[in-house]
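Worksheet: the structure to be examined is printed underneath.
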Amino acid sequence: MSAARRRIVETLEYPELDAAVVWSLVADPDRLAEWFPLRPVGDRRTVEPGVGTTFRVARWWRVPALGSRVVEVVGWRAGEAYRCRVDGMLGCVEFRVRVAPRPAGAGTSVTLEVRSAARTPLVGAVLRGAWRRRLRAALRRIPRVLGG
């Protein structure tokens, strides 16, 4: 399966939200559970977000000790974008988050991307559908969290 077929990208524009305000939400690991279906568990190993930041996450419904994974930030452009890598049972998943101001103060655009290393076509197809739904739900949640 080609890398392009394992890539899921969703973008949503928020005409009423400032890029700096959106960035302050999506770039803070402690606020992850407010907008994304994962929650941080335990203590972060570094203080400030950036390349090398690691923290553990679990799905909302799982017992942290049984279902948590380590997330590592592997790319960081403050105020613009970051990449995270999570190693799991089905392989490696990479997340990308991009926040971009729209021209002439017309709000903000947020892009979420997931790249999965699942090699089995059936597993990959199921995961792509699930990830697409999760990304769309996360993007819809951002303005609610920020009061927009």
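Bear in mind that the values in this text are calculations on the coordinates, not laboratory data. What you see is a predicted model, and the numbers here were worked out from it, not measured in a lab. Counting neighbours? That spans all protein chains shown, and the Cβs are built from the backbone with ideal geometry, glycine included.
With each label point set 7 Å from Cα along the Cα-Cβ vector, what nm distance links Ala130 and Arg7? Those two pseudo-labels are separated by 2.3 nm.
Per-residue extension of 0.36 nm, minus the Cα-Cα distance of Asp18 and Glu80, leaves a gain of 21.1 nm for this segment.
Listed highest first by mean packing, meaning other Cβ atoms within 10 Å per residue, what order do 98-108, 25-35 come in? Please report the intermediate quantities before stating the final value.
Numbers: 98-108: 14.7, 25-35: 16.7.
Ranking, from highest mean packing down: 25-35, 98-108.
Once the chain from Arg140 to Arg69 is taken as fully extended at 0.36 nm per residue, the excess over their C-alpha distance is 23.1 nm.
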